[in-house]
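Here, each number is a calculation from the coordinates, and none is a lab measurement. Predicted model only: the values in this text are computed from it and were never measured. In this analysis, Cβ positions are derived from the backbone assuming ideal geometry, glycine residues included, and neighbour counts consider all displayed protein chains.
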DNA sequence: GTGAAAGCGCTAACAC
DNA sequence: GTGTTAGCGCTTTCAC
């Protein structure tokens with residue numbers, strides 16, 4: 001070790017002096033000498049070598065399905081800030097919504113010795129995550145979770161969000177409310193749709209053929225869902241979409257057959273992606289604290305890694321807020 | 001090495017058999033035996049150890065100012081796909097627009113032994129990048145570059161883009177065109193504004209007080225720029241904004257004083273962020289192939305890393321396209 | 001409080 | 001074509 005020679009001490013001593021948790025074992029004088037030598041030399045410890053020795057890399061991986069989906073950048077940002085403040089490096093993996101590529105990338109991350117994972121791609125049945133859970137790799141789920149809830153999860157109060165939407169529409173006088181549901185292989189899809197059912201029942205509103213599942217969370221899927229809705233002849237005056245993209249796709253599709261929002265129907269989204277307030281009419285939607293979710297997931301992961309033991313919290317749901325804008329109006 | 005024992009060979013032999021570029025030095029029979037043993041054991045090479053030995057980590061870092069700015073996710077995605085296809089891992093660093101944090105993070109990445117950098121945060125004068133260039137760290141600039149162009153750069157034909165805007169507006173009959181310029185500490189700000197000047201001269205349009213520099217590429221800065229424009233009393237019927245966010249901020253500000261677009265003035269943006277087509281009126285803007293820029297930057301970096309020598313191309317500008325939508329109309 | 005010695009998992013140089 | 005040896009840079013016993 002370069003610094004050791006410069007300070008005239010043994011490498012082991014230099015290592016101790018430079019390592020906050022072993023600094024106590026070294027005399028203050030020596031610490032000072034070593035630290036000064038390190039500064040003089042602009043010494044930067046080699047994290048690879050340290051990791052090889054300690055099997056701790058101070059790297060955390062964040063796995064997301066598609067960074068160009070505006071849902072994820074705030075999550076990434078929240079996580080990044082917490083991690084880098086804690087001296088951790090963030091490795092970002094975009095799986096492109098492909099489970100195979102996800103498998104490979106996670107394997108590669110593990111080979112790189114990452115200390116833990118934050119996963120935003122969980123499917124309802126997810127064998128890969130079951131494996132990670134089984135072998136104790138520190139892993140935190142964010143936004144979506146699996147059916148087996150053996151991994152800590154940071155999400156939002158989706159149930160509240162959907163209830164807020166239904167109540168808002170019902171208060172506006174809507175009775176024929178339908179739900180464009182998210183895919184049933186995601187926890188958000190399942191939970192939002194069961195919350196919809198519950199909220200409708202609570203307001204004693206009709207549920208018959210009121211839920212249409214969409215194949216994915218995309219505008220195209222929203223458009224397809226709206227097309228099916230039209231084709232079914234099912235009367236409706238309001239739509240609760242499981243997310244903003246579905247709402248956008250539905251609006252575009254319905255506009256194609258002459259239905260204008262909010263003139264002919266009302267609609268709500270979910271997530272409050274950026275620019276949703278800039279649309280005309282602006283989208284009424286549920287604001288989800290995405291950055292805080294990312295940050296909280298990162299904190300949970302750090303807690304797990306730090307404790308060398310088990311995760312602290314097993315489920316955290318952050319509060320949401322209904323943002324009322326132009327796409328909902330009295331019936 | 002675990003696999004070596006299982007296959008009954010020396011660790012070094014196993015290493016050779018597993019390493020594509022050294023496989024030729026081993027007999028096919030042995031290769032087969034080792035590969036099978038590796039599969040049986042689910043062997044995953046330890047990248048840290050390999051990196052420590054070879055000082056190649058197969059990790060590339062991408063440094064961006066703010067992932068929540070929609071400009072960057074497509075770049076990230078493009079880069080990620082090329083890198084992961086080449087067996088590289090992407091480390092993402094969000095500097096939060098803070099040069100100090102950027103310094104620290106880059107230092108930390110180097111300690112982690114990353115093989116190279118893709119940098120999207122270049123300022124016109126950027127001492128950090130000068131240092132990276134000086135000590136030969138493989139580094140590729142994307143989107144923005146520095147004044148000293150000693151690092152390879154992948155950008156867009158900004159000059160073309162601005163000229164397209166000016167020509168389009170001039171063809172529509174506008175004569176009093178002003179430019180909301182980007183900050184002069186970015187190459188894009190400088191180049192777009194000099195392109196504006198050139199294009200205006202070409203069309204023999206008046207340049208006097210036609211350029212207003214904005215403090216940053218944000219909606220707030222665009223609004224401030226528009227406010228200054230109003231206050232100046234300078235007549236204008238069209239605005240060429242240096243990017244979409246500036247255009248949005250300006251539109252909002254001008255709407256506040258009763259000026260509607262395109263009724264009272266025309267405006268163009270730059271980048272064609274997602275959702276720009278969904279606004280009302282939809283924004284006329286210059287589409288930049290962001291994902292391809294990211295991908296190309298990644299390829300350039302891989303080329304440099306692979307060649308062990310110098311970078312291949314020093315400057316690549318990708319073609320842009322004017323997307324004409326509702327914010328521009330005849331005068 | 002500090003030094004000595006060993007080793008994390010891998011691969012490059014050198015033997016044979 | 002394969003085994004031997006050494007060492008990447010660090011940390012962690014174990015002595016003293």
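Using only helices, what value at 222 nm comes out for chain B when you add -39,500 (n - 2.57) per DSSP H run of length 4 or more and divide by the total residues, to the nearest 500 deg cm²/dmol?
Estimated from H runs of four or more residues: -13500 deg cm²/dmol.
Rank the residues B:218, B:21, A:266, B:184 as a footprinting-exposure proxy: fewest other Cβ atoms within 10 Å of their Cβ go first.
Lowest to highest Cβ neighbour count: B:21, B:184, B:218, A:266.
For the protein assembly as shown, what is the percent of antiparallel DSSP beta bridges, rounded to the nearest 5?
10
Considering the zone a paramagnetic label at residue A:277 would reach in this model (a point 7 Å from Cα along the Cα-to-Cβ line), which residues of segment B:245-261 have amide N under 18 Å from it?
B:245-257
So which residue, out of A:43, A:217, A:265, gets the largest mean-square fluctuation from a GNM of chain A using Cα contacts under 10 Å as springs?
Among A:43, A:217, A:265, the largest GNM mean-square fluctuation belongs to A:43.
If neighbour count is taken as other Cβ atoms inside 10 Å, put B:292, B:39 in order from fewest to most.
By the 10 Å Cβ count, ascending, the order reads B:39, B:292.
Cα-Cα pairs above 34 Å in the protein assembly as shown: how many percent?
Roughly 53 percent, once rounded to a whole number.
How crowded by other chains is A:55-61, given as the mean number of beta carbons from other chains within 10 Å of each beta carbon?
2
How high is the relative contact order of chain B, in percent, with contacts defined as C-alpha pairs under 8 Å that are six or more residues apart?
Answer for chain B is 18 percent.
List the distances, in nm to one decimal, from the label point of residue B:331 to the label points of the same position in every other copy, shortest first, placing each label point 7 Å from Cα along the Cα-to-Cβ direction.
Computed spacing set for this position: 5.0 nm.
Order these by the 10 Å Cβ neighbour count, fewest first: B:300, B:68.
The most exposed by this proxy come first: B:68, B:300.
Take peptide B:70-83, look around each residue's Cβ out to 10 angstrom, count Cβ atoms belonging to other protein chains, and average those counts.
For this peptide, the per-residue mean of nearby foreign Cβ atoms is 3.
Run the label-point distances for residue A:171 please: 7 Å along Cα to Cβ, every other copy, nanometres, shortest first.
5.1
Using a Gaussian network model on chain B with a 10 Å cutoff between Cα atoms, which of B:230, B:33, B:145 fluctuates the most?
Among B:230, B:33, B:145, the largest mean-square fluctuation in the Gaussian network model of chain B belongs to B:33.
Residue A:103 to residue B:228: FRET efficiency via 1/(1 + (r/R0)^6), r the Cβ-Cβ distance, R0 60 Å, to the nearest 0.05?
0.65
Among DSSP beta bridges lying fully in chain B, give the percent that are antiparallel, nearest 5.
Expressed as a percentage, antiparallel bridges in chain B total about 10.
Which residue fluctuates most in the GNM of chain B (Cα springs below 10 Å): B:154, B:82, B:162?
In the Gaussian network model the winner is B:82.
Give me the inter-chain shielding for A:134-143: mean count of other chain Cβ atoms within 10 Å, whole number please.
Rounded to a whole number, the mean comes out at 0.
If you put a point 7 Å past Cα along the Cβ direction, how far is that point for residue A:280 from the same point in each other copy, in nm, smallest first?
0.6
Find the eigenvalues of the gyration tensor of the Cα atoms of segment A:158-288, then list the square roots of 5 times those eigenvalues as equivalent ellipsoid semi-axes, largest first, in whole angstrom.
Those come to 18, 16, 15 Å.
Quick check: the distance between the Cα centres of segment A:87-134 and segment A:44-67, to the nearest angstrom?
14
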